[in-house]
Amino acid sequence: MAVAFSPDGKQLVSGTLGGEIQMWDGSTYRLLGALTGPYSPTIRLDYDPAGNQIASAHRDGTVRLWDARTRVISNTLSGGHSSAVWDVDFSPDGLRLASGSEDGTAIVWDAISGRSVLTLPVTSQVHGVAFNRDGRLLATASQDGVARVWDLGTERVVFSDTHSSALNGVAFSLEENLLAVAGQDRAVTLWQLDDPRRPVARLGNSHTDTVTSVDFSSDGKRLLSTDAAGMAIIWNVSNVTDIIEMARLKGHQQQIFSAVFDQAGMRLATASYDQHLKLWSVAAHHGWIYDLVFDPKNRDRLVTASADGTAKVWSFHEGRLALLNTLRHGAEVRRAVFSPDGKQIATGGKDGSLRTWDAGSGELLQTFEKGHAKEINSITFSHDGTRIATASYDGRAGLWDAQSGRLIQFLEEGRAGMNDVAFSMDDRLLATASDDKTARLWRVDTGELVHTLTGHGASVERVAFSPDGSTLATASTDKTARLWDPITATAIYTFTDHTDRIFGLAYDPTGRRLATAGNDGRVFVYDTATRERLEELPAQREAYGVAFSPDSKYILFVGKGDDIGIQALAVEDLAAQAHGRLTRGWRPEECKEYLDMEKCPLGAAQQ
């Protein structure tokens with residue numbers, strides 16, 4: 001099995017050992033058609049950097065070039081190899097193509113004319129080939145256990161790395177001058193070719209079987225390695241002195257033969273001998289993601305806040321994310337939110353600073369006057385957009401003029417750190433969550449403390465008003481979430497399903513459902529009227545933030561990892577649940593918006 005993404009991510013091609021090569025739509029994953037022509041079993045595929053040509057490597061010793069638009073063969077590079085071609089790689093400028101073969105040679109071809117330009121005598125089966133970032137060097141990985149780096153100008157080996165067993169994969173980072181080598185010793189070795197006296201890292205304790213392939217993300221910050229046991233591992237290599245295993249992808253039953261990132265680094269594809277091609281949603285950030293919030297005005301947009309010092313703006317459509325902008329706050333970003341009109345984004349960081357940005361261009365608009373002495377944990381805009389509230393570990397909640405950046409007042413009661421803030425729907429009250437096991441309600445105009453909500457047995461991490469303002473929800477490290485009457489300050493109900501601390505809390509747009517996310521790696525969805533648990537979603541890792549999509553069709557969660565979990569919710573179940581709650585007939589626009597149905601369910605009256 002072989003797989004490759006087009007540079008723009010709009011297409012991908014896959015090939016099988018049966019020889020068939022198929023092209024797929026990169027957004028809908030609909031089959032577009034097959035690459036038509038005579039071919040033997042397909043071993044590797046690669047797009048040129050412009051996306052105009054596709055190279056395929058075959059067991060019969062041929063390399064074929066395909067027109068990516070017409071899907072027909074434009075050239076057959078035959079007569080160079082005498083047996084199976086195991087790998088192909090286009091040079092960064094797209095003018096040359098390298099191929100490595102079972103016959104013990106690596107060949108560099110002119111990608112325009114199809115003529116052989118250079119043959120490198122490796123003298124052992126070549127399983128992997130890779131150009132470096134300027135195309136002057138070519139790395140080969142071979143059966144004899146040696147990784148070689150060739151200077152294509154002099155045709156000489158300028159670097160070699162010898163292993164005790166066969167090597168299967170080799171890759172260059174096109175941003176950093178890193179070389180990754182992998183093989184039967186179950187390890188990945190990283191070399192910095194600017195100073196190749198010793199490897200900078202050896203990743204040898206994670207794979208349990210032969211490492212079959214390696215690939216860098218386009219920004220060079222992540223490395224993908226796969227093995228014969230069917231597992232893929234993503235590594236954070238942005239700091240080679242502290243390489244972190246970010247994720248293990250377990251889904252194949254047999255050896256993964258080929259695996260690649262897309263150009264944006266948001267997806268990867270794995271192809272296995274089990275005859276399955278799998279697509280994975282991967283890193284959105286290069287650090288833990290603390291929260292995600294949808295734009296209340298533009299329903300197909302959201303922002304994420306991360307420990308990598310950035311907030312990122314994404315488009316979201318039918319369960320798919322696309323990066324729109326990166327806001328470089330600098331320090332860890334604990335929370336990022338849109339203004340009610342969707343024109344601005346506010347970010348708060350570990351450095352205690354509050355900043356606003358143009359939501360469209362990503363331009364920094366304003367850094368607010370320094371107010372908090374410690375990190376800002378939470379930010380929210382008032383519903384009329386005139387004020388911003390912050391919560392900080394310095395034990396205070398701040399109220400700010402959203403336009404001028406002027407501090408209006410601090411709200412404080414004791415010295416316990418504050419974790420979250422939320423405005424009531426009429427902007428008259430502000431709810432705060434505190435490390436002293438309480439939530440509080442304050443009058444916004446005077447700063448007067450109205451109520452202290454007690455009952456949690458540990459720190460309160462999140463507060464959220466229901467969309468109609470009738471209920472306040474809280475989430476705590478005591479493993480519970482609670483519903484409160486904000487008028488009487490009395491507890492209504494306690495949810496106790498989590499087995500570890502709860503950090504994520506969100507109502508859906510209708511207020512009919514409440515989601516919680518916790519350190520136990522689970523996300524629960526509840527009916528807010530019956531308190532029934534509707535769904536349990538495995539987040540796989542500690543979850544810090546959760547949100548419903550504005551159309552209520554998806555739930556998204558983030559946490560101790562760099563990716564965004566996206567889970568589709570069952571529309572049929574939602575329709576039945578919503579119909580059971582509705583006390584009047586459905587309106588057509590409601591059926592379309594909330595249930596994604598052109599015809600209203602269950603024969604309800606159309607008003």
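No value in this document is a laboratory result; all are computed from the given coordinates. From a predicted model like this one, the values you see are computed outputs, not experimental measurements. Because the Cβ atoms are built from the backbone with ideal geometry, glycine has one as well, and the counts that use them run over all protein chains shown.
Within the straight-line cut-off of under 18 Å between alpha carbons, the lysines reachable from Lys278 are Lys10, Lys250, sequence neighbours fewer than 8 places apart in one chain being disregarded. Does the stretch 384-479 classify as rounded, prolate or oblate by the C-alpha gyration tensor (a ≥ b ≥ c root eigenvalues; a/c under 1.5 gives rounded; else a/b over b/c gives prolate, otherwise oblate)? Judged from the Cα gyration tensor, the stretch 384-479 comes out oblate (a/c at least 1.5, b/c at or above a/b).
Its Cα centre serving as origin, the chain has a Cβ charge dipole (Lys and Arg +1, Asp and Glu -1) of approximately 320 debye.
Cross-link reach is defined here as a Cα-Cα straight distance under 24 Å, omitting same-chain residues fewer than 8 places apart; for Lys297 the lysines meeting it are Lys312, Lys343, Lys553, Lys592. The chain has equivalent-ellipsoid semi-axes of 51, 27, 21 Å, by the square roots of 5 times the alpha carbon gyration tensor eigenvalues, sorted largest first. Computed over the stretch 280-340, the quotient of the alpha carbon radius of gyration and 2.2 N^0.38 Å is 1.05. The mean sequence separation of alpha-carbon pairs under 8 Å and at least six residues apart, normalised by the residue count of the stretch 295-453, gives a relative contact order of 13 percent. Kirkwood radius, the stretch 2-281, all distinct C-alpha pairs, inverse of mean reciprocal distance: 18.3 Å. Projected over every direction and averaged, the convex hull enclosing the alpha-carbon atoms of the stretch 289-569 yields 12.3 nm².
Mind running the shape call on the stretch 159-267? Use the C-alpha gyration tensor, a ≥ b ≥ c as the square roots of the eigenvalues: rounded below 1.5 for a/c, prolate if a/b tops b/c, oblate otherwise. In terms of gyration-tensor shape, oblate.
For the pair the stretch 245-297 and the stretch 501-552, the centres of their Cα atoms are 23 angstrom apart. Shape annotation for the stretch 416-463: C-alpha extents along the principal axes are 29, 17, 16 Å, from largest to smallest.
Give the relative contact order (percent, whole number) for the stretch 2-281; include only Cα pairs under 8 Å separated by 6+ residues. That works out to 10 percent.
Computed as a quarter of the hull surface, the mean projected area of the alpha carbon convex hull for the stretch 76-133 stands at 3.6 nm². A dipole drawn for the chain from +1 and -1 charges on Cβ atoms has a positive end, and of His285, Gly94, Ile107 the residue lying farthest that way is His285. Normalised by the number of residues in the chain, the average gap of Cα pairs under 8 Å and 6 or more apart makes the relative contact order 5 percent. Express the Stokes-Einstein translational diffusion coefficient of the stretch 510-554 in µm² s⁻¹, to the nearest whole number, given a Kirkwood radius over alpha-carbon pairs, 4 °C and a viscosity of 1.567 mPa s. Taking Rh from Cα pairs, D becomes 119 µm²/s. Using just the helices of the chain, give the 222 nm mean residue ellipticity in deg cm²/dmol: DSSP H runs with n ≥ 4 each add -39,500 (n - 2.57), and the total is spread over all residues, rounded to 500. Value at 222 nm, helices only: -1000 deg cm²/dmol. Inter-part distance, the stretch 424-455 to the stretch 57-116, computed on C-alpha centroids, equals 67 Å.
Principal-axis analysis of the Cα atoms of the chain puts helix 571-581 at an angle of about 10° to the longest axis. Annotation: lysines with alpha-carbon distance below 20 angstrom to Lys437 (same-chain offsets under eight excluded): Lys374, Lys479. Under Stokes-Einstein, with the Kirkwood radius over Cα pairs as Rh, the value for the stretch 31-188 at 25 °C and 0.890 mPa s is 158 µm²/s.
Note on Ser165/Thr16: beta-carbon distance plugged into 1/(1 + (r/R0)^6) with R0 of 45 Å gives a FRET efficiency of 0.95.
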